[in-house]
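Everything below concerns the one structure shown next.
Every read-out reported here was derived from the displayed coordinates using simple, explicitly stated rules and does not represent laboratory data. Source: prediction; values computed, not measured. Here Cβ is always computed from backbone atoms with ideal geometry, including for glycine, and neighbour counts include all displayed protein chains.
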Amino acid sequence: MNIARSYIKGIQEATLRPKIAFVLWLVNFSFGSVLYFLFSAVLSASALANSLSASELLKKADMNAILEFLTSSGVSLGALLTVAFVLIVLYFMVSLFLYGGILHCLVRPREQESFTQAFFAGGGKYFGRFFRLSVCSVILWIPAILVFIGLDILLGAIDKDPAQEQLSFYFTIGRIVFALFIFFLMKMIMDYARIKIAVDDSRSVFRTLIAAVGFIFRKLAKALALYYLLGLTGWAAFLVYLKIQSTFAKSSELPIFLGFIIAQLYIGFRGWLKTAYQAGQWTLFKTESF
């Protein structure tokens, strides 16, 4: 019952706060625009821009076109990758600010502050704590990676017969599934740790992280059910997005523009879903408690 109530509450809270989704869309659009213009500048300055193989690259993943681009734009491409790495690090820092803004808007009554005040006050208030929480999370990632390595070694010892191709395939799928499970488990723990910091206004991030681990393993079934239920919602929307994009060919300016608008709407949905995740998990936190 708490799972369904938390899921519905998450959907409701995200729907009642479209401004959060807009801010998240704007951040993603800004970072994406920088990468787009940088990549466009490199591509237009390369020999590939005037090459016939570029037209093939638009139709399919033509290896000749890709190799031509890599060999003719090595220096520019290296600079582009450097800038992209810097932007990824910057995006990570900004995401911590965004988490603070989202949670502050959720846990504080809307009547107390305007959206702008609540969002930016929360982002600034929790940024340092969330950054320290991310650093402390290394104590979880190290054993998680060791567990995965141990499983990989075990499966490798079992799967020694090269003739057992079907078994090797299943073991490979198993490795991927287990790696994803660990990754999303760590993300879920971090979500609940940030929620506890925001709700309790706690400054002890290490103790909060340990408490979040305890909560997750006490309520593992419910936490996973809610997390993956919201995840299925996201996947369903993604499939709808792909279906819509595949219904018309991007062969002229109008369809290209329409495809761009649809993509932006989907990015906005991802911001809405991120808010739904935080709101749903916050509801489960309140009902199940630490």
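Work out how much length L239 to L258 would gain on full extension: take 0.36 nm times their residue separation and subtract the Cα-Cα distance, in nm to one decimal. Display every interim value, and only then the final one.
Working: separation 19, 0.36 × 19 = 6.84 nm, distance 1.76 nm.
Roughly 5.1 nm would be gained on extension.
With r defined as the distance between the Cβ atoms of L26 and S289 and R0 fixed at 41 Å, what FRET efficiency is calculated, to the nearest 0.05? Intermediate results must be reported in sequence, preceding the final value.
On the way: r = 35 Å, r/R0 = 0.85.
Efficiency at R0 = 41 Å is approximately 0.70.
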query = What full-extension length gain, to one decimal in nm, is calculated for L265 and F120 as 0.36 nm per residue of separation minus the Cα-Cα distance?
reply = 49.8 nm
request  = Would you mind putting 80-86, 11-17, 114-120 in packing order, based on average other-beta-carbon counts within 10 Å, highest first?
outcome  = 11-17, 114-120, 80-86
